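Novice: My questions all concern the structure below.
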Amino acid sequence: MKTDCLIVGGGPAGLVAATYLARFRRQVIVVDAGASRAALIPSTHNLIGFPAGISGPALLARMRAQADEYGARRLTGEVTALTAEKNGFIAATSVGEISAAKVLIATGGLDVEPALPAVRDAVARGLVRYCPVCDAFEASGKRIGLISYGECRVKEALLLRRYSPEVTVLTAGEEMQLADQDAESLKAKGIGVVEEPVAALAREANALSLTTEAGRRLEFDVLYCALGTKLRAELAAGLGARTDEDGALVTDRHMRTCVPGLFAAGDIVEGLSQIAVAAGQAAIAATTINAELLSAEQ
Ligand SMILES: Cc1cc2nc3c(=O)[nH]c(=O)nc-3n(C[C@H](O)[C@H](O)[C@H](O)COP(=O)(O)OP(=O)(O)OC[C@H]3O[C@@H](n4cnc5c(N)ncnc54)[C@H](O)[C@@H]3O)c2cc1C
């Protein structure tokens with residue numbers, strides 16, 4: 001297969017870029033392995049244009065339909081290797097080899113899940129959440145737990161505290177580095193820290209109850225997990241694209257990586273992991289890709 005642009009990943013970033021490129025009358029192939037973070041969203045309420053909220057799967061279905069409408073070709077599969085060539089790239093994929101003048105990496109990442117039973121079901125029910133920027137508003141006035149260890153996410157705890165007087169940081173028995181000043185900030189805001197290991201977790205009707213190894217029982221309406229995100233930057237990094245200390249791809253303001261012809265958009269890029277940001281970056285990347293293709297055609 002041959003195309004003007006190969007898009008690796010069919011989440012919001014990849015699908016917005018596909019729509020733009022198809023509307024620029026470019027041949028575009030999207031290869032998607034089907035593990036979008038957006039597919040886990042029970043209902044998003046901060047996406048402009050959907051005041052009543054929309055579920056991640058419903059949003060993705062609309063985005064796919066829009067890309068299809070303009071002729072983007074979408075394939076279900078995995079891109080396993082990328083090689084740079086004189087006039088572009090060769091991609092090895094589970095659905096055959098693809099030769100592309102440009103490649104957009106929109107592979108995103110997945111949150112590190114807490115070791116809790118049936119965690120995906122709890123995410124679907126909004127009991128376990130990963131992103132206060134996304135949905136802390138919907139946790140207003142609720143009993144909030146924040147699982148965080150390693151470098152404690154003090155800022156995240158303080159952000160959540162603006163929505164509820166009942167916020168507790170749980171280290172789940174893991175070691176946590178908490179500077180004295182940060183410990184003071186948490187204390188001043190009435191944010192408790194529980195460092196005991198969690199022995200059991202049970203789901204009540206619409207809440208989660210945790211029992212620590214010391215026998216303490218804690219109940220939460222919402223449990224945020226701040227254990228980091230595993231980004232999928234290997235393909236780009238293998239070509240020499242620069243990553244930051246979190247493993248995110250570094251781009252210029254046109255979403256170009258340091259590898260000529262290789263672009264990136266969405267959660268895989270350093271910065272705020274949000275659908276609106278992914279869409280904006282994808283629009284910029286697609287427009288630059290089209291401009292570079294036009295220049296090459298002159
Ligand atoms: C529970 C939850 C709630 C959220 N709520 C909100 C919210 O309310 N508002 C908001 O703005 N954001 C929210 N987010 C964040 C939002 O989902 C992400 O910012 C968004 O999905 C990023 O889009 P993306 O296209 O960059 O990556 P993704 O959506 O993760 O898509 C990446 C795609 O690339 C595919 N892929 C990866 N590697 C390969 C490969 N080698 N070959 C082929 N395909 C590959 C993956 O399978 C995946 O389908 C939430 C996230 C979670 C987990």
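Novice: If a residue has to be buried (at least 16 other Cβ atoms within 10 Å of the Cβ), within 13 Å of the ligand (Cβ to nearest atom) and not in a loop (DSSP other than H, G, I, E, B) to count, how many in segment 114-162 make the cut?
Specialist: So the count comes out to 10.
Novice: Hey, another quick one. Within segment 175-187, identify whether any single residue is within 16 Å of the ligand (Cβ to nearest atom), part of a loop (DSSP other than H, G, I, E, B) and within 27 Å of Ser273 (Cα to Cα), and answer yes or no. Even if it seems obvious, please write down each step before you answer.
Specialist: The first filter runs over segment 175-187 and keeps only residues within 16 Å of the ligand (Cβ to nearest atom), leaving none.
No, that holds for no residue.
Novice: Could you say whether any residue in segment 101-111 is away from the ligand (no atom under 14 Å from the Cβ) and in the same structural domain as Arg37 (by TED's automatic domain parsing)?
Specialist: So the first thing to find is which residues in segment 101-111 are away from the ligand (no atom under 14 Å from the Cβ), and the list is 101-102.
Narrowing the set further to residues that are in the same structural domain as Arg37 (by TED's automatic domain parsing) leaves 101-102.
Scanning segment 101-111 turns up at least one residue that is away from the ligand (no atom under 14 Å from the Cβ) and in the same structural domain as Arg37 (by TED's automatic domain parsing).
Novice: Please name all residue pairs, on different chains or six or more residues apart, with Cβ atoms under 7 Å, provided the first residue is in segment 45-68 and is of a type in the set (D, E, K, R) and the second residue is assigned to a helix (DSSP H, G or I).
Specialist: Short answer, once both residue conditions are applied: Arg64/Leu15.
Let's see how each residue does on (1) assigned to a strand (DSSP E or B); (2) within 24 Å of Ala122 (Cα to Cα); (3) at pLDDT 95 or above; (4) in contact with a Phe, Trp or Tyr (Cβ under 6 Å, 6 or more places away or on another chain):
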{"position": "Val31", "(1), (2), (3), (4)": "yes, no, yes, no"}
{"position": "Phe50", "(1), (2), (3), (4)": "no, yes, yes, no"}
{"position": "Leu59", "(1), (2), (3), (4)": "no, yes, yes, no"}
{"position": "Arg62", "(1), (2), (3), (4)": "no, no, yes, no"}
{"position": "Gln66", "(1), (2), (3), (4)": "no, no, yes, no"}
{"position": "Gly71", "(1), (2), (3), (4)": "no, no, yes, no"}
{"position": "Ala81", "(1), (2), (3), (4)": "yes, no, yes, no"}
{"position": "Phe89", "(1), (2), (3), (4)": "yes, no, yes, no"}
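Novice: I'm checking my understanding of the structure. Among residues of segment 252-283 that are surrounded by fewer than 17 Cβ atoms within 10 Å (Cβ to Cβ) and away from the ligand (no atom under 13 Å from the Cβ), which one is nearest to Leu82 (Cα to Cα)?
Specialist: Going through the qualifying residues, I end up with Pro260.
Novice: Another question, then. Restricting to segment 213-227, name every residue that is in contact (Cβ under 8 Å) with a residue 60 or more places away in the chain and either closer than 30 Å to Thr83 by Cβ or not in a loop (DSSP other than H, G, I, E, B) (or both).
Specialist: Taking segment 213-227 as the starting set, the residues that turn out to be in contact (Cβ under 8 Å) with a residue 60 or more places away in the chain are 218-227.
Those that are in contact (Cβ under 8 Å) with a residue 60 or more places away in the chain and either closer than 30 Å to Thr83 by Cβ or not in a loop (DSSP other than H, G, I, E, B) (or both): Leu218, Glu219, Phe220, Val222, Leu223, Tyr224, Cys225.
Novice: Please specify each residue of segment 239-271 satisfying the condition of being in a loop (DSSP other than H, G, I, E, B) and aliphatic (A, V, I, L, M).
Specialist: Here is the first cut: in segment 239-271, the residues in a loop (DSSP other than H, G, I, E, B) are 239-242, 244-248, 250-255, 257-261, 265-268, 270-271.
Correct list: Leu239, Ala241, Ala248, Val250, Met255, Val259, Ala265, Ile268.
Novice: Also, quick follow-up: Could you tell me whether Ala296 is within 25 Å of Val30 (Cβ to Cβ), at pLDDT below 95 and of a type in the set (A, V, I, L, M, F, W, C)? Give the steps one after another, and end with the answer.
Specialist: Numbers: within 25 Å of Val30 (Cβ to Cβ): yes; at pLDDT below 95: yes; of a type in the set (A, V, I, L, M, F, W, C): yes.
Answer is yes for this residue.
Novice: Looking only at segment 91-113, which residues are surrounded by fewer than 16 Cβ atoms within 10 Å (Cβ to Cβ) and part of a loop (DSSP other than H, G, I, E, B)?
Specialist: Passing the criteria: Ser94, Val95, Gly96, Glu97, Val112, Glu113.
The values are calculated or read from the model by the stated rules, or taken from the named source; none is laboratory data. This one's a predicted model, so the numbers in the text were calculated from it and none came from an experiment. A quick note on method: Cβ atoms are made from the backbone with ideal geometry, for glycine too, and the neighbour counts reach across all protein chains shown.
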